[in-house]
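First up is the structure itself, then whatever we jot down about it.
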Amino acid sequence: MANDAADTPFFQKRKAEGIIVVKDPPKFDLESYISNYAGFTRADRLRHIGSHSTYLAVDAYRTAIAEAKRGKNVKLYLDLVEEFAQIAPEDPAALLDTTWAAERTKKVEAEKDKLEHELKSYKNNMIKESIRMGNEDMGHFYYATGDYSQAHKAYMRMREHCTSPKHLADMTLRLLLVSIAQKSWLTVQSHVAKVDSTQVKGDEKTKLEPIISACAGLAHMGNQNYREAATSFISTSAAFLTAEPAAGITWQREVLTGNDIAVYGGLCALASMDRSQLKERVLDNSDFRTFLELEPHIRRAINLFCASKYSACLEVLENYRNDYLLDVYLSKVLVDIYGKIRRKSIVQYFIPFSCVTLDEMATKFQLTGEYPSIEDELETMINNGTLDARIDLVDRLLISPPTNPRYTVHADALAMAESYDHTLRLRLTRLNMLAAGMEAKGDKSSAKEQGFKDGTFGDGISAGLRGIGSKMGF
């Protein structure tokens, strides 16, 4: 069935558009995987899996269509059926249920009219709490129907009618959820900052902290700021796994799970941190260790990288590439993250050697399809300054450029001499100004001026010259 799906017009069109299509089966079971999610992200993830995996396309679209029919988003249902009809036109789920669509559309319109009428009456009565709740109900309605821009506007209208810090925090959390659904990461970052600055205190503030960290990490990852993303994810408290709903949202099911935090945080850390930082901030982090236990292969990859077993680390990650390409958030940045980890591994592997054969490099770092040969990959890294090396195509060697310690010492000496010359000229100018009565009164003399007056400046020059002499062997 996977091969048949790969030849359908839907996937042929996606390939022509340059969208990645996964043909091999992933390691996860679709039913078990999707059971961890609820709300908009459930249908969103199912649609992403169905539109990217030829192996899971039929099952994912069937489940997504059934999920859509349980909700109010008629447009989502119509889009899913249209896409599925291009993959499996004979499947019963690919046949448009016009009766359901018409009835649900009628119900949705009736509910919208009712909510608008109620909100209008609340405004006439000038009761702030009722107006706030009316706008909140409108936001919930638009969010459920998939009209995220109108939902955002409705929640924003709650602001002037909020009468407590708790109301403001709930409103901002709702705005945050809508922005995540829109995948508008800059807006997500803005709302994360607003939630963090709300005036809620005590247990309420403690409950919000892991949500803030997790959403901040997701936004940074979406903006390809991997170091900031890793910092946010690894600082997420393990309390996130059992956190109570905030603003009526179960964040560990409606946005991202503990498994997602482990994978996102681990990969972003591998892409942006060195071995000592990985050891100290990731592996020795008691809170993040709880998340890593949910995804042991991520912990194993980090351990291998810290142990300088780079090829084994990359092999572990490659085994899960297909799974991560089917993740709705990670798929957009996975190629970039994997590329950074691979390039960092190559650089770290080459540091202890003066030369390595290209055949050895090709064996240690198997090609991933991005480059036709290891030579092309190394050439690109050398040209963009990532790798300090030279390629000998005759002897097929990767060579570390020779260093010249004598030249380095001479260059340091000249730079130091120029610095002292510049400083002395400034001092002489200062003395001449004082002698001419052109002194500008200041609060205090600087430490350097004091050192010059009491003779310690000359001692500094002598010490610097002695250091240069020791480097040159005198």
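Taking Ile337, is it surrounded by 14 or more Cβ atoms within 10 Å (Cβ to Cβ) and within 23 Å of the chain's Cα centre (by Cα)? Show your work before the answer.
Numbers: surrounded by 14 or more Cβ atoms within 10 Å (Cβ to Cβ): yes; within 23 Å of the chain's Cα centre (by Cα): yes.
Yes, satisfied.
Per the conditions (1) hydrophobic (A, V, I, L, M, F, W, C); (2) under 30 Å from Glu295 (Cα atoms); (3) surrounded by 19 or more Cβ atoms within 10 Å (Cβ to Cβ), the sole criterion not satisfied by Ala5 is (2). When Glu82, Glu90 are checked against the criterion of being surrounded by fewer than 17 Cβ atoms within 10 Å (Cβ to Cβ), in a loop (DSSP other than H, G, I, E, B) and among the acidic types (Asp, Glu), Glu90 stands alone in meeting it.
Tell me, please, whether a residue that is of a type in the set (Ser, Thr, Tyr), within 26 Å of the chain's Cα centre (by Cα) and buried (at least 21 other Cβ atoms within 10 Å of the Cβ) can be found in the stretch 9-32.
If we filter the stretch 9-32 for residues that are of a type in the set (Ser, Thr, Tyr), which is where we start, we get 32.
If we keep only those that are within 26 Å of the chain's Cα centre (by Cα) as well, we get 32.
Narrowing further to those that are buried (at least 21 other Cβ atoms within 10 Å of the Cβ): none.
No.
Inspect the stretch 136-148 for any residue being of a type outside the set (Phe, Trp, Tyr), farther than 19 Å from Glu118 by Cβ and surrounded by fewer than 17 Cβ atoms within 10 Å (Cβ to Cβ) and give the result as yes or no. Spell out the reasoning first.
Just the residues of the stretch 136-148 that are of a type outside the set (Phe, Trp, Tyr), to begin with: 136-140, 144-147.
Checking the rest, the ones that are also farther than 19 Å from Glu118 by Cβ come to 146.
Filter once more, keeping what is surrounded by fewer than 17 Cβ atoms within 10 Å (Cβ to Cβ): none.
Taking every residue of the stretch 136-148 in turn, none turns out to be of a type outside the set (Phe, Trp, Tyr), farther than 19 Å from Glu118 by Cβ and surrounded by fewer than 17 Cβ atoms within 10 Å (Cβ to Cβ).
Taking the listed residues Ala43, Ala66, the one that is open to solvent by 20 Å² or more (accessible area, probe 1.4 Å), within 30 Å of Ile249 (Cα to Cα), in a helix (DSSP H, G or I) and not assigned by the TED database to the domain that holds Asp327 is Ala66, with no other qualifying. Residues being aliphatic (A, V, I, L, M), more than 21 Å from the chain's Cα centre (by Cα), buried (at least 17 other Cβ atoms within 10 Å of the Cβ) and modelled with pLDDT of 85 or more are entirely absent from the stretch 177-191. Between Leu378, Leu398, which is open to solvent by less than 80 Å² (accessible area, probe 1.4 Å) and part of a helix (DSSP H, G or I)? One residue alone meets the criteria, Leu378. Of all residues assigned to the stretch 225-233, none qualifies as being in contact with a Phe, Trp or Tyr (Cβ under 7 Å, 6 or more places away or on another chain), farther than 25 Å from Met158 by Cβ and open to solvent by 10 Å² or more (accessible area, probe 1.4 Å).
Would you check if there is a residue in the stretch 200-220 being open to solvent by 40 Å² or more (accessible area, probe 1.4 Å) and touching a residue at least 60 places away in the same chain (Cβ under 8 Å)? Looking for residues that are open to solvent by 40 Å² or more (accessible area, probe 1.4 Å) and touching a residue at least 60 places away in the same chain (Cβ under 8 Å), one finds none in the stretch 200-220, hence no. Go through the residues of the stretch 302-325 one by one and say whether even a single one is open to solvent by less than 40 Å² (accessible area, probe 1.4 Å) and part of a loop (DSSP other than H, G, I, E, B). Checked against the condition, which is being open to solvent by less than 40 Å² (accessible area, probe 1.4 Å) and part of a loop (DSSP other than H, G, I, E, B), the stretch 302-325 yields no hits at all. Checked against (1) among the aliphatic types (A, V, I, L, M); (2) open to solvent by less than 10 Å² (accessible area, probe 1.4 Å); (3) assigned by the TED database to the domain that holds Leu267, Met361 passes all but condition (3). Here Pro372 clears all of (1) open to solvent by 70 Å² or more (accessible area, probe 1.4 Å); (2) at pLDDT 85 or above; (3) part of a helix (DSSP H, G or I) except the condition numbered (3). Being surrounded by fewer than 20 Cβ atoms within 10 Å (Cβ to Cβ), at pLDDT 90 or above and of a type in the set (A, V, I, L, M, F, W, C) holds for only one residue in Met156, Met126, and it is Met156.
Among the helices (runs of 4 or more DSSP H) confined wholly to the stretch 187-283, which include 1 or more residues that are among the hydrophobic types (A, V, I, L, M, F, W, C), farther than 25 Å from Asp44 by Cβ and not assigned by the TED database to the domain that holds Asn36? Quick ask: steps written out before the conclusion?
Values: elements: 203-222, 226-234, 251-254, 258-272.
So the answer is 226-234, 258-272.
Against the list (1) outside any helix (DSSP H, G or I); (2) touching a helix residue (DSSP H, G or I) at 6+ places or on another chain (Cβ under 9 Å), the condition Gln150 fails is (1).
Selection of first residues in the stretch 371-399 that are more than 16 Å from Phe350 (Cα to Cα) and of second residues that are in a helix (DSSP H, G or I), restricted to Cβ pairs under 7 Å at least 6 apart or on distinct chains, gives the following pairs, ordered by first then second residue: Tyr371/Glu377.
The values are calculated or read from the model by the stated rules, or taken from the named source; none is laboratory data. Because the structure is predicted, anything quoted here is derived from the model rather than measured. Note that we place each Cβ from the backbone using ideal geometry, even for glycine, and neighbour counts take in every protein chain shown. All accessible areas refer to the heavy atoms of the entire protein, side chains included, with ligands and DNA or RNA removed. Shrake-Rupley method; radii C 1.70, N 1.55, O 1.52, S 1.80 Å.
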